[in-house]
Amino acid sequence: AIGVGDWPLFTAQQIHGNNVMIVDSPGCADHKFSGCDGIITNQRGVMLGVYVADCCAVYIIDLKTPVVGLVHSGRKGTELGVVSNAIAQMSDRFGSDPTNLIVQLSPCIRPPHYEVDFAADILRQCRSLGIKEIYDAGICTACHLDRYYSYRAEKGKTGRMLALIGLNPIAK
C-alpha cells in the first residue's frame, strides 16, 4: 500500500505522440486523457499514471515549484519530443525552471533488443534543456522478462506496467 487510496488517478491513453495534458484541478471531469502521452500537474493529492511495456516512463519532478509530470516515451514519442514538450509546458504553465528539475527514466527496451536507443535520446534531450539531475534505471525490459513486460520480446502477448507519480497533499 502506498497510501494514496482516495487520490483521483489521471491516466494518459497513449498514442505514441507528443501531446501533454495538464491537470490543474483535482475535479477535472475526465480522468482518462485520450490522445496524449504525458500529464503534468501542480495539484496535491492527485495521482498521474501512464502504462508502459517497452516504452519509457519518464518521471519529472520540480524541486522548487510544486509540479510533477509523467511521460510515456517510446521511439516515436521521443522523436517527436514528448519529454521536451512536457518540460516546456511545466515551464510555461507553472514557472518551472529546468535547472530545478529531476528526471528519472524507468526500465525500457534497449539495444541489442531494439534498434534505437531512445533512452539515450531522452537523456540527451533533457541535458540540452539544462536539466542537471537525470537518472536512468539502465534496465532493459526485454532482458528481464521475469520482472518486466516487453511487448517486443513477448511478441505482443504481454501486460503493462503502471507508472505513478503524485504530489503529497502536505507540503514539507
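The values are calculated or read from the model by the stated rules, or taken from the named source; none is laboratory data. As the structure is a computational prediction, the values presented were derived from the model and not from experiment. Don't worry about glycine lacking a Cβ; one is built from the backbone with ideal geometry, like all the others, and counts go over all protein chains shown.
Okay, here's what the table says:
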| read-out | value |
| --- | --- |
| Sole residue being surrounded by fewer than 21 Cβ atoms within 10 Å (Cβ to Cβ) and at pLDDT 95 or above, chosen from Gly69, Gly95, Gly156 | Gly95 |
| All positions within segment 137-163 that are under 20 Å from Ile39 (Cα atoms) and in contact with a Leu (Cβ under 7 Å, 6 or more places away or on another chain) | Ala163 |
| Meets criteria (part of a helix (DSSP H, G or I) and either of a type in the set (A, V, I, L, M, F, W, C) or without any contact (Cβ under 8 Å) to a residue 40 or more places away in the chain (or both)) for Ala120 | yes |
| Residue that is surrounded by the most Cβ atoms within 10 Å (Cβ to Cβ) [pool: residues in segment 126-153 that are outside any loop (DSSP other than H, G, I, E, B) and hydrophobic (A, V, I, L, M, F, W, C)] | Cys126 |
| Qualifying residue in segment 85-102 (condition: out of contact with any strand residue (DSSP E or B) (no Cβ under 7 Å at 6 or more places or on another chain), farther than 27 Å from Gly35 by Cβ and not charged (D, E, K, R)) | yes |
| Residue that is surrounded by the fewest Cβ atoms within 10 Å (Cβ to Cβ), among those in segment 20-66 that are hydrophobic (A, V, I, L, M, F, W, C) and free of Cβ contacts under 8 Å to residues at least 24 places away in the same chain | Ala29 |
| Single match in Leu123, Leu80, Leu101 (criterion: surrounded by fewer than 17 Cβ atoms within 10 Å (Cβ to Cβ) and either charged (D, E, K, R) or at pLDDT 95 or above (or both)) | Leu80 |
